[in-house]
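The values are calculated or read from the model by the stated rules, or taken from the named source; none is laboratory data. Note that the structure is a prediction, hence the values are computed from the model and not measured. As a convention, Cβ positions derive from the backbone with ideal geometry for all residues, glycine included, and neighbour counts pool all protein chains shown. Surface areas here come from the heavy atoms of the whole protein model, side chains and all, with no ligands, DNA or RNA. Shrake-Rupley method; radii C 1.70, N 1.55, O 1.52, S 1.80 Å.
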Amino acid sequence: MATEPKFVAKGVIPATLIAVDQDDAIDQKTSIKHLRDVAATDRLSAITVNGHASEIHACSFAEQQELLALSLAEVGDRLPLVNGVYADGSHAAVDVARMAATEGASALLVFPPNSMSMGGQLRPDMALRHFAMIAEATDLPLILFQ
């Protein structure tokens, strides 16, 4: 891609869905059709892939990379893509963030680790360290999912 569209954190940034087949594998054709339909909407600021709406918690690292690569190939020259970062641990989240940056994502939507829902909120330093590790691993803008 010669020039990537610039990400600006404002306006409408819809999150896309993924389709799966009867074997629970990603249905690329249907997923890309959905992405195309969403991208055809006027005045979007960006599109989120690998987010909560696409059940990212159930996708492997390889599937997340596949979805991002497919999405970038389809609409990445027209719209910035925000890639979700969902992982149970900070080190795994860093791996996803680095992959997204390498692939060409424009920004990251960072989810808190599951430990934050099991008493972790009593230790705010845990959340701060989680997000800091991701911020230290990439120069991409971060959107924190709450």
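The slack in the chain from residue 23 to residue 144, taken as 0.36 nm per residue of separation less the alpha-carbon distance, amounts to 40.3 nm. Both radii were evaluated on the Cα set of the chain; the Rg over Rh quotient, with Rh as the Kirkwood radius, amounts to 0.97. Taken per residue, the accessible surface of the chain reaches 56 Å², heavy atoms only and a 1.4 Å probe.
The protection proxy used here, the mean number of other Cβ atoms lying within 10 Å of each residue, ranks peptides 6-13, 28-35 as follows, highest first: 28-35, 6-13. Spin-label pair residue 58-residue 135: with each label point 7 Å from Cα along the Cα-Cβ axis, the two points sit 3.4 nm from one another.
What the phi angles of region 113-123 give under the Karplus curve with 6.51, -1.76 and 1.60, with θ = phi - 60°, is a coupling list of x, 4, 4, 6, 9, 10, x, x, 4, 7, 10 Hz, glycine and proline written as x.
The apolar share of the surface of region 45-145, taken as the fraction of accessible area on carbon and sulfur atoms (1.4 Å probe, ligands and nucleic acids excluded), comes to 57 percent.
Across region 34-146, the mean sequence separation of Cα contacts (distance under 8 Å, 6 or more residues apart), normalised by length, yields a relative contact order of 25 percent. Principal-axis analysis of the Cα atoms of the chain puts helix 28-39 at an angle of about 90° to the longest axis. Close amide H contacts of residue 48 (hydrogens built in the peptide plane, cut-off under 5 Å, sequence separation of 5 or more or a different chain): 15, 16, 82.
Label positions at residue 125 and residue 41, each projected 7 Å from the Cα along the C-beta direction, are separated by 4.1 nm.
The simple spin-label model puts a point 7 Å past each Cα toward its Cβ; for residue 77 and residue 102 those points are separated by 2.4 nm. Near the amide H of residue 143, within less than 5 Å, lie the amide hydrogens of 108, 109, 110, all on another chain or at least 5 residues away, with H placed in the peptide plane.
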